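The values are calculated or read from the model by the stated rules, or taken from the named source; none is laboratory data. Note that the coordinates shown come from a computational prediction; the quantities given were computed from them, not determined experimentally. Cβ coordinates were reconstructed from backbone atoms using ideal geometry, including for glycine residues, and neighbour counts include every protein chain displayed. Heavy atoms of the whole protein, side chains included, go into the accessibility calculation; ligands, DNA and RNA do not. Shrake-Rupley method; radii C 1.70, N 1.55, O 1.52, S 1.80 Å.
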Amino acid sequence: MSIKKIKNNKTGFTLVEVLVAVSIFAILAILLSVIYVAFTKMQTRTKISQQVLNDSQFVLETITREVRNNEIFDYDPYDSGICGSILDDVNYVNCLLLLREDGQLIVFTTTTDESLIYITPTCNSDYSDCDWALDDYESYTELLSLGVNNIKVEDLYFYIKPDENPFPSITENKHPVVTIRMQTAYDSTRSNEQISHLLQTTIASRIYKR
């Protein structure tokens, strides 16, 4: 009698209980997957942001070092006839022209595909004729570009004060200062990877000509 009673009390899960359990499991699985996807996207965004910032800061430090150690060759980065003649196949907004102690002219500018390039052209003695080419990789270096680090330069501006060479004058003691403003961005169609950084710095040249 007791054995039969025990057998009759062995009951399983009802259909409602099974559905409730499956529903709870499905909701938890969806929540966990949403959290995982969001975490992965945030991690990717943070990684890309750090990459863009590091590469942009490196380039800014490179330009800063050149400005400090070299002479400003042209004081009008917006409407430079020299830049126009050197960069005849590059549609530039403005460019920075510096002159090294050994006479080597160096140029920082952007190209039509939003790359930032560092040019070391071959020039004659009075710099009226300079040669370089986009297919001559010994004459320039891509600092930021889609091909190098998938970073594009959306804006690059050079502000030089004073706006003309102060050294011929003996009455004014104005030392040239260059302010650089650069906005870079990671090139991606995914919204969480569309990162941009705006950097700005001001540098004084250490070259004295008095």
In the chain, if the dipole is taken from +1 on Lys/Arg beta carbons and -1 on Asp/Glu beta carbons about the Cα centre, which of Val177, Phe39, Ile207 is farthest to the positive end? Phe39
Accessible area expressed per residue, segment 122-210, with surrounding protein chains retained (probe 1.4 Å, Å²): 63 Å²
Quick check: at a probe of 1.4 Å, how many percent of the accessible area of segment 10-58 sits on carbon and sulfur atoms? 75 percent
With angles folded into 0 to 90 degrees, how steeply does helix 15-69 sit against the dominant principal axis of the chain? Use alpha carbons for both and round to 10. 10 degrees
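With a cap of 14 neighbouring Cβ atoms within 10 Å, and only residues DSSP puts in a loop, list the GluC sites (Glu not before Pro) found in segment 104-150. Intermediate results must be reported in sequence, preceding the final value.
Details: sites: Glu114, Glu138, Glu142; in loops: Glu114, Glu138.
The qualifying sites are Glu138.
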Rounded to the nearest 500, what is the chain's calculated 222 nm mean residue ellipticity when only DSSP H runs of at least 4 contribute -39500 (n - 2.57) each, over all residues? -11500 deg cm²/dmol
Identify the trypsin sites (Lys or Arg not before Pro) of segment 140-198 meeting these criteria: DSSP loop state and at most 16 other C-beta atoms within 10 Å of the C-beta. Lys174, Arg190
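Percent of accessible area on segment 105-181 owned by carbon and sulfur, 1.4 Å probe? List each step's numbers first, then the result.
Working: 1830 of 4080 Å².
The value for segment 105-181 is 45 percent carbon and sulfur by accessible area.
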Taking the solvent-accessible surface of protein heavy atoms with a 1.4 Å probe, what is the per residue accessible area of segment 11-108 in Å²? 63 Å²
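For a quick check of your reading of the filter: which chymotrypsin sites (Phe, Trp or Tyr not before Pro) in segment 93-149 sit in a DSSP loop and have no more than 15 other Cβ atoms within 10 Å?
Details: sites: Phe108, Tyr118, Tyr127, Trp132, Tyr137, Tyr140; in loops: Tyr127, Trp132, Tyr137.
Qualifying residues, ordered by number: Tyr137.
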So, in the chain, how many Lys pairs have Cα atoms under 26 Å apart, if the pair is 8 or more places apart or on different chains? 5
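Taking the Cα centre of the chain as origin, work out the dipole magnitude from +1 charges on Lys and Arg Cβ and -1 charges on Asp and Glu Cβ, in debye rounded to 20. Show your work: numbers first, answer last.
On the way: 18 positive and 28 negative charges, 577 e Å.
Result for the chain is approximately 2780 debye, rounded to the nearest 20.
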Considering the dipole of segment 87-200 built from charges on the beta carbon (Lys and Arg +1, Asp and Glu -1) around the Cα centre, which of Ser115, Cys130, Ser191 is farthest to its positive end? Ser191
